[in-house]
Amino acid sequence: MTFDDRPLLFLDCQTTGMRPPQGQILEIAWLHDGLLESYLVKLKEGAHLPHRVQQITGLSEADLKGSGAFEIGEIFSRLSA
């Protein structure tokens, strides 16, 4: 059996850091059946995006607070579908 014969899901997440209690997912992307989906995650209420993370990712707080960002629950619903 080759990889072509198996259903595969590739998942990638960008986060604010390595400490889950203080961190947040910023972006989630996945590839399944040749279709790539990528979503920005809305910042939690009162959360700030550290300058260092902005430099590394190229994302800004405006990106994660704007209309192009989604609530995490909506993204997980899309992933589950």
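Here are some notes:
- Restricting the chain to trypsin sites (Lys or Arg not before Pro) that sit in a DSSP loop and have at most 14 other Cβ atoms within 10 Å of their own Cβ leaves 44.
- When GluC sites (Glu not before Pro) are flagged only if DSSP places them in a loop and at most 15 other Cβ atoms lie within 10 Å, the longest unflagged stretch of the chain comes out as 1-44.
- Phi to ³J(HN,Hα) by Karplus 6.51 cos²θ - 1.76 cosθ + 1.60 over the stretch 68-81, Hz, x for Gly, Pro: x, 9, 10, 5, 4, x, 5, 5, 5, 5, 5, 5, 5, 5
- Backbone geometry of the stretch 52-60 corresponds, through the Karplus equation with coefficients 6.51, -1.76 and 1.60 at θ = phi - 60°, to 3J(HN,Hα) couplings of 4, 5, 4, 5, 5, 8, x, 8, 10 Hz, x marking Gly and Pro.
- Debye equation applied to the C-alpha atoms of the stretch 19-77, log10 I(q)/I(0) at 0.15, 0.22, 0.27, 0.29 Å⁻¹: -0.47, -0.93, -1.23, -1.33
- Accessible surface comparison of 10, 70, probe 1.4 Å, protein chains only, largest first: the order is 10, 70.
- The charge dipole of the stretch 40-81, taken about the Cα centre with unit charges on the Cβ atoms of Lys, Arg (+1) and Asp, Glu (-1), comes to about 80 debye, rounded to the nearest 20.
- Each residue, residue 8 and residue 61, gets one label point 7 Å from its Cα in the Cβ direction; the gap between the two is 4.0 nm.
- Where labels lie 7 Å past Cα in the beta-carbon direction, separation of residue 15 and residue 32 in nm: 2.1
- Placed amide H near residue 26: partners under 5 Å, 5+ positions off or other chain: 14, 15, 16
- Note on the chain: helix-only mean residue ellipticity at 222 nm, from DSSP H runs of 4+ residues weighted -39500 (n - 2.57) and normalised by residue number, equals -6500 deg cm²/dmol.
The values are calculated or read from the model by the stated rules, or taken from the named source; none is laboratory data. Predicted model only: the values in this text are computed from it and were never measured. Glycine also receives a Cβ, built like all others from the backbone with ideal geometry; neighbour counts cover every protein chain displayed. The protein model used for the area step is the full one, side chains on, heavy atoms only, and it has no ligands, DNA or RNA in it. Shrake-Rupley method; radii C 1.70, N 1.55, O 1.52, S 1.80 Å.
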